[in-house]
Amino acid sequence: MPTLTLPATGKATSGTIRRWLKHPNDSVSVGDVLLELESDDGLFEVESAVAGKLEQILAPAGRTLPAQRA
C-alpha cells in the first residue's frame, strides 16, 4: 500500500493541509489532485503518483505536517 508524504515546497519546512479533495474509498488515478497544501511558499495541489483507492486519511484538514525532503 503506497503512503503519501508531503512534498518539500521551496524553502518551507512544513505545510498545512487546507482540504482533502478525495475521500476514503474514492478511486484515484495517477495525476488526480488529492489535497490542497499551504506553506510559506503558497498554496499547492498534491497529486497522486499511483492509481488505486484512497483507503484512509491519517492527517485531517487543518493539520500541519513536516515536509519530506529527498
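Bear in mind that the values in this text are calculations on the coordinates, not laboratory data. Owing to the predicted nature of the structure, the values given are computational and were not obtained by experimental measurement. Note that we place each Cβ from the backbone using ideal geometry, even for glycine, and neighbour counts take in every protein chain shown.
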Check GLY15: other-chain or 5+ apart residues with amide H under 5 Å from its amide H, H built from backbone geometry?
LEU65, ALA67
Just add up the charged neighbours of LYS53: K/R +1, D/E -1, any other residue whose Cβ is under 13 Å from the Cβ of LYS53.
-2
First select every other residue whose beta carbon is under 11 angstrom from the beta carbon of ARG18; then total the charges, Lys and Arg +1, Asp and Glu -1.
-1
Once you list every other residue whose beta carbon is under 13 Å from the beta carbon of LEU35, what net charge do they have if Lys and Arg are +1 and Asp and Glu are -1?
-2
